[in-house]
Every structure is written in C-alpha cells, then in structure tokens.
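Comments concern the structure below.
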Amino acid sequence: AMVFTRSEVWVTLAVIIPMGLMARIRDNRRAFYAGLAVSCLGLAIVAIACWAWRQGGVDAFGFMVAMGIGLYLPYIAVHATLFERFIALTRDRANLGFLMYLADTAGYLAVCVVLLTRGRLMTVEGVLPLFLDAGLTIAVVGIGALVLAGGWMHRSHQQKG
C-alpha cells in the first residue's frame, strides 16, 4: 500500500499542476489547444514508458508512475478542459455531462472487450505484453485522434473567421 501511495502522490502532482495552470487560461481557443497538447504529452509518456519497459530502461516504480501520469493526464484534460472549451468555442447548446458520459462509456466498453476476450488476447507470458501493446496502441491512436481534432477545430475556425 505504501508503494501505491508514493506513486500516486507523484501522479497527482504531475496532473494537478498543468490542470491548474490551464484553468488560468482565459481564451477558450488557447485553452482548447493547450488541452490537446497536454493530452498528447500524456499519451507520449505512455508510449515512452512502454518502450522503456521493454528495453529495460525503467524500473517497476518508474513505469507505474509514468503510466499513471500518461493515462491520467489526458483523461483529466479531456474531461476538465477540452469538453468545456469545445462547448464554449462552438457556442452550441450542449451538456458537458453527456460528453463525459459518452467518453467514459467508450472506455468501459473497451475494458469489457478486453475482459471478455482476455483468454484469446493474452500470451503465454501473461497480461503484461497485452498491457504494453494496448498502451502503445492507445498512445498512437489517441495522439492521432487529438491531432485530427485540433486540425478540424482549426479548419472550422478558419471557415468562420
């Protein structure tokens, strides 16, 4: 329990500081893009941590902290910054709770798929290779999706302005 507590203190600090700084950005467009950048940074940390683990370049504690930061940073940035600022930028009538519900449902669905197919997905070595493959896949797909979202928002703004 002590190891988990120590690791989560580092994760909390690494997530709370950028989120607190982003809350101070008044301009919705800049805050939206900052949220995209912070989310991409988190996913890049996931990819680097998975690669470093496979190369033997990080110990278990460092890997656990890096994965915590890398996964939690985009989760909080999307829920606390991107959705709010997206609604503000589009000026559409929207409900933040609904967007959060959709995002969380997609995550829970992915967990269910893994649990239901874990026997076919796992290798002889156990669940760690599956976790590392999933981490790299999530990082690459997530960064790609965030870049596309940023490009779409930029084009949308250019057409209106």
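The values are calculated or read from the model by the stated rules, or taken from the named source; none is laboratory data. On a predicted model such as this, the values are computed, not experimentally measured, just so you know. Backbone-built Cβ (ideal geometry, glycine too); neighbour counts: all protein chains shown. When the accessible area is computed, the model is the full protein with side chains, heavy atoms only, and any ligands, DNA or RNA have been set aside. Shrake-Rupley method; radii C 1.70, N 1.55, O 1.52, S 1.80 Å.
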* Asked: Considering only protein heavy atoms, what is the solvent-accessible area of residue 8 at a probe of 1.4 Å, reported in Å² to the nearest 10?
  -> 60
* Asked: For residue 156 and residue 130 in the same chain, what is the full-extension length gain: residue separation times 0.36 nm, less their Cα-Cα distance, in nm?
  -> 5.6 nm
* Structure fact -> The value for the range 1-73 (convex hull of the alpha-carbon atoms, volume per residue, Å³) is 69
* Asked: Which residue, 139, 52, 77, has the most motion in a Gaussian network model of the chain that connects Cα atoms within less than 10 Å?
  -> 52
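Rolling a 1.4 angstrom probe over the protein heavy atoms, how many square angstrom per residue are accessible across the chain?
Spelled out: the 1.4 Å probe surface of the chain, per residue, equals 65 Å².
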* **Square roots of five times the Cα gyration tensor eigenvalues for the chain, Å** => 30, 19, 15
* To do: Starting from one equal scatterer on each C-alpha and no solvent at all, send me the Debye-based log10 I(q)/I(0) for the range 31-72 at q = 0.33, 0.35 Å⁻¹, two decimals.
  => -1.04, -1.10
* Structure fact -> On the formula 1/(1 + (r/R0)^6), with r taken between the Cβ atoms of residue 51 and residue 75 and R0 of 22 Å, the FRET efficiency rounded to 0.05 is 0.60
* On the protein heavy atoms, probe 1.4 angstrom, tell me the percent of accessible surface of the chain carried by carbon and sulfur. => 69
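If each DSSP helix of 4+ residues adds -39,500 (n - 2.57) and the sum is divided by the residues in the chain, what number results at 222 nm, nearest 500 deg cm²/dmol?
So the helix-based figure for the chain works out to -29500 deg cm²/dmol.
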* **Added length on full extension, which subtracts the Cα-Cα distance from 0.36 nm per residue, residue 104 to residue 1** => 34.4 nm
* Structure fact -> In order over the range 65-79: 3J(HN,Hα) from phi, Karplus 6.51/-1.76/1.60, θ = phi - 60°, whole Hz, x for each Gly or Pro, gives 5, 4, 5, x, 5, x, 8, 7, 4, x, 4, 6, 4, 5, 6
* the range 6-135: relative contact order as a whole-number percent, Cα under 8 Å and 6+ apart -> 28
* Considering the options 108, 157, 73, tell which one lies farthest towards the positive end of the dipole of the range 57-161, charges being +1 on Lys and Arg and -1 on Asp and Glu at the Cβ, about the Cα centre. => 157
* Structure fact -> the chain: longest segment with zero exposed trypsin sites (Lys or Arg not before Pro), where exposed means DSSP loop plus at most 14 other C-beta atoms within 10 Å, is residues 94-161
* Total charge dipole magnitude, the chain, about the Cα centre, Cβ charges on Lys, Arg, Asp, Glu only, Debye to nearest 20 -> 600
* Spin-label pair residue 88/residue 25, simplified geometry with 7 Å Cα→Cβ offset, distance in nm -> 1.0
* Structure fact -> The ³J(HN,Hα) series, computed from each phi in the range 95-105 with the Karplus coefficients 6.51, -1.76 and 1.60 at θ = phi - 60°, rounded to the nearest Hz and given as x for glycine or proline, is 10, 4, x, 5, 4, 5, 4, 4, 5, 5, 4
